[in-house]
Amino acid sequence: MARHTVVAMPGDGIGKVVLPEAIRVLEAVGFDAEYVHGDIGWDFWVSEGNALPERTVALLAKHKLGLFGAITSKPNKDAEAELSPALKGKGFKYFSPIVGMRQKFNLDICVRPCKSYPGNPLNFVRKRPDGAVEEPAVNAVIFRQNTEGLYAGVEWTNPSTQVRDAIATHPKFKAFDKVPSDEMALSVRIITRQGATRICTAAFEYAKRHGFKNVTICEKPNVLRETSGLMEEVAKEVAKKYPAVALWSVNIDAMTMWLTKNPEEYGVIVASNLFGDVISDAFAGLVGGLGFACSGNIGDEVAVFEPTHGSAPKYAELKPSIVNPIATILSAAMLAEHVGDVERAKKIEAAVAAVVREGKVRTYDMARLPGGPDALKRGAHNTRELGDAIIAKLK
C-alpha cells in the first residue's frame, strides 16, 4: 500500500489541466502516494446545489490530505441563475468550496510562499541611481489567518430588524440610522485571540525553523482599532517567546507601497484573512504572478494544498493548454514537505528553479506573450511541455 492517500480535486477550468501535471511530477520524483478523485466545483453546484459535496468532505476526513486545482465562483444572483431548474427556489445558496473546506476542517493556517527564481523574466526589477537595473531576490512567506475576519461569512443583505437593533448598539451606526434595510449590506469582521495566536505562532515557528530574521504583522490598527488591534497585540505577545526573530509592524496600505520598493527586506508576514489574501497576491506579482503562487491550507488534522489562481475559463478549453502549472507543482511540493518528505519537496523546487533559470521552456506568461490560441504560434510552450521539462530535471 502507498504511504499516503491524496484526495485530488481538479475543480473547474484550468484546474483540470494543472492538477494532473502536479501529480505527474509527484509520481516522477517518487512520492509514495495514491490519488483518489474528489468532486468539487461549479458543475456540482449546478447539478446538486452544493459545490463541495459531502462525499468529498468524507474523503478528506478519511485521508487528511488534499491537492486542489481551481474553482469558478460567481455572485449570488449569477449562481442562482445557473442552478439546475429542478433546484431553483429551494433555498440553495452558493458558498465557495475552498472556504467551505477551510471552515469544515478548521484549516486556519494558510501559508503562501512567494519566491523569485533567477531567470524568470517576470521577476521584479528596479533601477539603481546610476541607471543600472538590479533584480533583488524576493523570498517572502505570507501566513494568512484562514477562517476568521471578513471571510467568516457572517453577512447580511437587507438585514433583519433584530440584526439592525444589535448593531445599532454601537454609536457609530447612528450615521446609518436612516438607510433602509433593503438598501444595505453588512459584513462582520471577526478576530479571536485563539485564531490570532495560532497564526502568529505558526509564523514565528516557521521563521525560526527556516532562518528568517523577522516577522511582519500586516494589519491596520490605527483605523480597525479593535480587530487589527487584537491581531497586533497578540503578535507582540507571541514575539516575546522568539527573541531571535524581530517583530516588525506595517500597515496594510503602507505594505503595498514598501513591497514595490524593497521587497527583499521582508521575510515572514502574518495577517488576518482579507489582508493576507491581498498582500500574498501583491507579493506574487513580484515573483512571476499567479502562475507561481502556491499555498497550503493547514489544520490540526487535514491539509489541502492549492495554487492561488482561479479557474481562468477563457483558457480552459484551449487545446493544447497554454497555462502555467508551476503554482500547482510547487503546491504539490508543499504537500510533500508537510508530510515529512522534505528531500523530494526540495527536488521538485530545484527542478522548477532549473527550468526557469534555463529559460528554454516557457508558457505564454513567462514568455511575456498575450494569452490566447496564438500564444503557441508565437513561441510559447504548452502546459504539458513545461511539465515534461520539470520532470526531465528530476530524472
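On the basis of being within 18 Å of ASN123 (Cβ to Cβ), at pLDDT 95 or above and either in contact with a Cys (Cβ under 9 Å, 6 or more places away or on another chain) or β-branched (Val, Ile, Thr) (or both), does PHE292 make the cut?
When the stated conditions are applied, PHE292 passes them.
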Q) Where in region 299-395 are there helices (runs of 4 or more DSSP H), lying fully within it, with 1 or more residues that are more than 23 Å from the chain's Cα centre (by Cα)? A) 342-358, 383-394
**Q.** Residue match in region 275-285 (condition: among the acidic types (Asp, Glu), more than 21 Å from ALA392 (Cα to Cα) and in a loop (DSSP other than H, G, I, E, B))
**A.** no
Q. Is it the case that region 239-250 has a residue that's within 25 Å of GLY100 (Cα to Cα) and small (Gly, Ala, Ser)?
A. no
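Of the residues that make up region 59-71, is at least one surrounded by fewer than 12 Cβ atoms within 10 Å (Cβ to Cβ), out of contact with any helix residue (DSSP H, G or I) (no Cβ under 8 Å at 6 or more places or on another chain) and either part of a loop (DSSP other than H, G, I, E, B) or small (Gly, Ala, Ser) (or both)? If you could, list the steps in order and put the result at the bottom.
Keep residues of region 59-71 that are surrounded by fewer than 12 Cβ atoms within 10 Å (Cβ to Cβ), which gives 62.
Subset that is out of contact with any helix residue (DSSP H, G or I) (no Cβ under 8 Å at 6 or more places or on another chain): 62.
Next, only the ones that are either part of a loop (DSSP other than H, G, I, E, B) or small (Gly, Ala, Ser) (or both) stay: none.
No: zero hits.
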Q: Find the residue count for region 205-242, including only residues that are more than 14 Å from VAL270 (Cβ to Cβ) and of a type in the set (Val, Ile, Thr).
A: 2
(Q) For region 205-238, which positions are part of a loop (DSSP other than H, G, I, E, B) and without any contact (Cβ under 8 Å) to a residue 40 or more places away in the chain? (A) GLY211, PRO221, ASN222, VAL223, LEU224, ARG225, GLU226
(Q) So for region 242-261 (the condition being crowded, with 17+ Cβ neighbours inside 10 Å and modelled with pLDDT under 95), does at least one residue qualify? (A) yes
Q. Which one of GLY91, GLY30, GLY38, GLY13 is under 18 Å from the mean Cα position of the chain (by Cα) and not aliphatic (A, V, I, L, M)?
A. GLY13
Q.
Being basic (Lys, Arg), surrounded by fewer than 13 Cβ atoms within 10 Å (Cβ to Cβ) and not in a loop (DSSP other than H, G, I, E, B) is the filter here; which residues of region 74-102 pass it?
A. LYS77
Q. Applying the selection to region 284-309, what residues are within 19 Å of ALA353 (Cβ to Cβ) and of a type in the set (A, V, I, L, M)?
A. ALA284, LEU286, VAL287, LEU290, ALA293
Q. Just checking, how many residues over region 338-358 are charged (D, E, K, R), out of contact with any Phe, Trp or Tyr (no Cβ under 7 Å at 6 or more places or on another chain) and crowded, with 18+ Cβ neighbours inside 10 Å?
A. 2
Q: Can you give me the number of residues within region 54-69 that are farther than 14 Å from LEU107 by Cβ and touching a residue at least 60 places away in the same chain (Cβ under 8 Å)?
A: 1
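The values are calculated or read from the model by the stated rules, or taken from the named source; none is laboratory data. Note that this is a predicted model, so its numbers are computed, not measured. No Cβ is skipped: glycine too gets one built from the backbone with ideal geometry, and neighbour counts run over all protein chains shown.
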